[in-house]
Each structure stands twice: as C-alpha cells, then as structure tokens.
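Student: One structure is given below, represented as structure tokens, and several questions about it will come after.
The values are calculated or read from the model by the stated rules, or taken from the named source; none is laboratory data. Since the model is a prediction, treat every value here as computed from it, not as a measurement. Every residue, glycine among them, receives a Cβ derived from its backbone with ideal geometry; neighbour counts consider all protein chains shown.
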Amino acid sequence: MSSHVVPPLKDKSLFKQGCFVDGEWIQAKSGQTFEVQDPASMGKIGTCPEFTKEDTEAAIAAAATALLSWRTATGRQRARILRKWYDLMIENADDLATLITWENGKPIAEAKGEVVYAAGFYEWFAEEAPRTYGDTIPATVPGNRVITVREPIGVCGLITPWNFPAAMITRKIGPALAAGCTIVAKSPGETPFTANAIAELGKRAGVPSGVVNIVTALKNTAEVGETLTSNLTVKKVSFTGSTPVGKLLMKQSSSTLKKLSFELGGNAPFIVFDDADVGKAVEGAIASKFRGSGQTCVCANRIYIQRGIYDEFSKKFAEKVRGFKVGSGYADGVTHGPLIHSRAIDKVEAHVKDAQSKGAEVLTGGQRIPDLGINFFQPTVLTGMTADMQLASEETFGPVGALFPFDTESDVVALANKAEVGLAGYFFSRDVQRVWRVAEALEVGMVGVNTGLISDTAAPFGGVKFSGFGREGSKYGVEEYQTIKTITFGGM
Ligand code: NAD
C-alpha cells in the first residue's frame, strides 16, 4: 500500500463531521452516519450523517425561511458576503487542498489549483450580484410601458459530484446566492468534508443562517435526491454527475415542474490535424486527458490523430505518460493519484481489456497497481483504436489515452459527433479556415482550439445532447437561478 501521511490542518475546526442546517452543525435525527474513506490508503477519514427524507425536509424548510430576507437583500449586500467568503477560501487554501487530496486523492498541487478555481466562482458572482439588470421594452400596445425584473427563483436543490469536491459546489452556490436564492446542497458521499469546510467558511463570512444548508448521505443518496427533486418548496435543481442519474432526477422533478440545470457526462473528442504543432498538441492532450487521473467531465476520451502524424504523436504522447509518477497525492513528485473507488477501476480495466481484445496495442500502462492500493491504475496509452471499441462510445473516466487514427476532416467530424453526449471537444490545427469550420461543426457545448484546458469562471460551462443543459459560471450563470417578471404599465 502507498505510504500516506496526511498533513495536519492548520485550522482543525474546518474538519466538520456533520450537516450544516440553519447555521448549525447537526447530526441525522436517527443518529446514523456513514464512513468516508481515503481512496489512496482506504483508511477511514471520518463519518458524516446519513440524512433521510425528514432531515432533508427540515433543511428545505430552513432555506425557505431564510429566503424571505435573503431575496430582499441588495445585490451589493450579497456581493460583500460572497467576496468575504472568497477571501476566506484563499486564506485557508492549504487546508482546503489538504481535505481535497485526502478524500478525492488528486495530487496536492492540483488540489490547490482547484481551490483557487473554486473560490473564483465566489469572486466572479460577487461581481455579478449587483448587475442582474432587467430590460425596458418599447411596447407595441399604445399607451403601455413594459419593463422586466429578474427575481430569485427561490429555494434551490444542488447535487454535486466527487471529482471536484470544492469547485462543483461553489460553481452552483455562487450564482444561486448572487441571484438571491437560498440552497440545500447534497454534497457527494465520497467527498463531503471539503464542502463542509467551505460551508464553515461561509458561516464565518457572514452568510445568514439557513441561506446555505449542506446535507450528506451515502446509503440514502437516492432518498435525499428524491426529496430535493419532488419537494414543492424547491423551485430549481442543479445537478452535476452522470447521464443516467440526470435522467432519473429529471423524471422525479417533473411532477413539481422544477427549473433544471444538468451538467452530465462527456466523451470528449480531441482531434489533432496534420497541420498542427505536434509538440503543443501532445501537451494539450496530456493536460486534457490526465488531469484528475482522467476523472473530469471535460477530459479528452477519444483522441483522434490524422494518419500522417499518428506515429510521431503516439511516440511523444507515450513518452510523456511514461514520465508520470503515480502515488499518494501528498507524496513529493507524485503527478497522479488514485481513482475514486473500485467501480471506477473496474470500468477503466474493462475498457482497456475490451480494446485489447479488438486489436488495440498498449504502448504503456494497462494494469492495476496493487502495490500502491486497490484504487490505483497505471496511466495508459492505447494505439490502433477503432470505432467498435467500448471506449469509442462510453466515457472511461480514468487515465487512458486512447489514440484513434483518421484520414479526413469530414471523417473525423462525423466520428466526433457520433457520441450521444456533447460536453467538450478539442482540436489542434493551424489552418484558420479549418479552425472556424471544425469549431462550428462539433456538436458540443465547449470547444478548445489549440488548448486542452477550457475551464474559466468567466466562460459559460455546459453541454448539449445527453451532456445536459444550462450554463454555469460566466454572465449566464446567475440567470439559471432567476425568473424574469414582466411588468406592464398601462394608461400612459
Ligand atoms: P453518479 O452520477 O452516480 O454520481 C454523481 C453524484 O450524484 C454523486 O456524488 C452521488 O452522490 C449523486 N447521486 C447519485 N445517484 C443519485 C440519486 N439517485 N439522487 C441524487 N444524487 C445522486 O456518478 P459516479 O458513479 O460517481 O460516477 C460514474 C460516472 O458518472 C462517471 O464515469 C462519469 O461518467 C459520471 N460523472 C460525471 C461527473 C461530471 O462532472 N459531469 C462527475 C462524476 C461522475
């Protein structure tokens, strides 16, 4: 097993083993808890409350009461609190990163990067909060005047995943609070402690009681999910996770007609044309594919290389991957940590074996690393990939760089668009006409041109097709948490 020493938190009071409801840290009414494990060592980190429907309803009620005053606070008042929360996250970045690495496994440098990105959503939406303008509309009816105002939609249910324990929750809380909404967030059962530490910092920043409520569950995940999606008080649900769970939550939300934003799985194509700078394309593919050990929704999954540069790209790409160091996220020089759980490892292994059985070649990796722990898998490069392999149509969510050869631009665009999901897509080319053509042709919500990294608090984030709908971050993020009210003045 990996040697694994967790650095102590500078502020131990940020480690909360409870749920945050109405400004207090509490336990489930039943007293039940679940255990959270470190994916690197499988050691126990701590416990969190196993919330039920009844516990969750109490959190929703607290959010409904808090809404009465939070919705009437001015944008500037809300902005000051969000800004203070941002400052506290940055001041406590080391502790937050320690918690992320502990429960998610990603290397500490990457975890620190996530904290800065995550805090950035509070900074960004603090700036947006005072600027949620309406319109003045020239009426077509004589004597009428029309204006619109943007109002908070109400209590929001947020459901977030484990791959970015900090950023996925701040990307939802930031715009919700800026809009004047109050929230009940179900943090991921795998990584609840980062969200808890952020909530504690929110309390210190002056977020009023009941405005932010964090609930946890593992065994009762579906029960809590159903409560958030079927409770009439909750007016909006924002979810990041897998497409099957998204479909279930949408069905559950239908009887109460909630407004929804879903950011679901991807299966990103990463295309390198033979007019590209191959060295830069390799760097871009490494960044896009292997961040978080391949467990991000915008990770390159299918890497398409034009035949003329296929061998050169494969060689350079595999060389970089051989240089990775896998291990505990706290250890010096480690570039890649464990995967989140054994189901993730099983999926990665199944995809690799399926590709091999259909003729793919392993250039490097391809195996579990039992000496490090049960959740470790070698960073892997596969060549000779074909469209009939499982990995071509399913997101692997792991450290496998799968290289598919292609011949023409129209072939590769057709292959890229064959996926039923459409979150991110990337390509490298130096031909300016091709850049426009392909950027427009890809059926995705976000395109990276000559870059493998596209996440930015200022840029809209979201997908099309089975990757979901709605946009997070950017100037559009707040709109997801608002309704537009039209006010018509007659008799002028
Ligand atoms: P998942 O969709 O099962 O879980 C994601 C989150 O949703 C979890 O934190 C979980 O607590 C919650 N969840 C699950 N079922 C729920 C329910 N019935 N009601 C309410 N909440 C529920 O994903 P997973 O098993 O953790 O990972 C499997 C796949 O999901 C991955 O391979 C990947 O494709 C996808 N995924 C995508 C993202 C993303 O950022 N879009 C993040 C994590 C996982």
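Student: Give region 135-191 a look and list any residue that's in a loop (DSSP other than H, G, I, E, B), more than 16 Å from the ligand (Cβ to nearest atom) and closer than 22 Å to Trp124 by Cα, or say none.
Tutor: We begin by selecting, within region 135-191, every residue in a loop (DSSP other than H, G, I, E, B); these are 135, 138-144, 153-154, 160-166, 180-181, 187-191.
Filter once more, so that each one left must be more than 16 Å from the ligand (Cβ to nearest atom): 135, 138-144, 153-154, 180-181.
Result: Ile153, Gly154, Gly180, Cys181.
Student: Here's something else I'd like to know. Would you point out which residue out of Glu127, Glu103 is over 19 Å from Lys16 (Cα atoms) and modelled with pLDDT of 95 or more?
Tutor: Step by step, each of Glu127, Glu103 is checked, and only Glu127 is over 19 Å from Lys16 (Cα atoms) and modelled with pLDDT of 95 or more.
Student: Might you check whether a residue that is within 24 Å of the chain's Cα centre (by Cα) and hydrophobic (A, V, I, L, M, F, W, C) occurs anywhere in region 361-379?
Tutor: Yes - at least one qualifying residue is present in region 361-379.
Student: Please give the strands (runs of 3 or more DSSP E) falling wholly within region 342-449 in which 3 or more residues are crowded, with 22+ Cβ neighbours inside 10 Å and away from the ligand (no atom under 16 Å from the Cβ).
Tutor: The qualifying strands (runs of 3 or more DSSP E) are 380-383, 400-406, 424-428.
Student: Determine whether Gly359 is touching a residue at least 24 places away in the same chain (Cβ under 8 Å) and on the phi > 0 side of the Ramachandran plot.
Tutor: Values: touching a residue at least 24 places away in the same chain (Cβ under 8 Å): yes; on the phi > 0 side of the Ramachandran plot: yes.
Against the criterion (touching a residue at least 24 places away in the same chain (Cβ under 8 Å) and on the phi > 0 side of the Ramachandran plot), Gly359 qualifies.
Student: Might you check whether a residue that is within 15 Å of the ligand (Cβ to nearest atom), under 26 Å from Ala59 (Cβ atoms), more than 19 Å from the chain's Cα centre (by Cα) and not polar (S, T, N, Q) occurs anywhere in region 260-273?
Tutor: no
Student: I need the full set of residues from region 192-227 which are part of a helix (DSSP H, G or I), within 10 Å of the ligand (Cβ to nearest atom) and in contact with a Cys (Cβ under 9 Å, 6 or more places away or on another chain), in order please.
Tutor: Correct list: Pro192 only.
Student: Scanning for something surrounded by 17 or more Cβ atoms within 10 Å (Cβ to Cβ), without any contact (Cβ under 8 Å) to a residue 60 or more places away in the chain, of a type in the set (A, V, I, L, M) and over 20 Å from Phe461 (Cα atoms), does region 285-298 turn up at least one residue? Spell out the reasoning first.
Tutor: Going residue by residue through region 285-298, those that are surrounded by 17 or more Cβ atoms within 10 Å (Cβ to Cβ) are 285-286, 288-298.
With the extra rule that they be without any contact (Cβ under 8 Å) to a residue 60 or more places away in the chain, the set shrinks to none.
Taking every residue of region 285-298 in turn, none turns out to be surrounded by 17 or more Cβ atoms within 10 Å (Cβ to Cβ), without any contact (Cβ under 8 Å) to a residue 60 or more places away in the chain, of a type in the set (A, V, I, L, M) and over 20 Å from Phe461 (Cα atoms).
Student: Right, next: If I ask for residues that are within 16 Å of the ligand (Cβ to nearest atom) and in a loop (DSSP other than H, G, I, E, B), which ones from region 228-240 would you list?
Tutor: Asn231
Student: Which members of region 54-109 meet the condition of being of a type in the set (S, T, N, Q), out of contact with any Pro (no Cβ under 8 Å at 6 or more places or on another chain) and buried (at least 21 other Cβ atoms within 10 Å of the Cβ)?
Tutor: Once the filter is applied, which keeps residues that are of a type in the set (S, T, N, Q), out of contact with any Pro (no Cβ under 8 Å at 6 or more places or on another chain) and buried (at least 21 other Cβ atoms within 10 Å of the Cβ), region 54-109 yields Thr56, Asn92.
Student: Count, please, the residues in region 331-371 that happen to be hydrophobic (A, V, I, L, M, F, W, C) and more than 27 Å from Ile100 (Cα to Cα).
Tutor: Qualifying residue count, region 331-371: 6.
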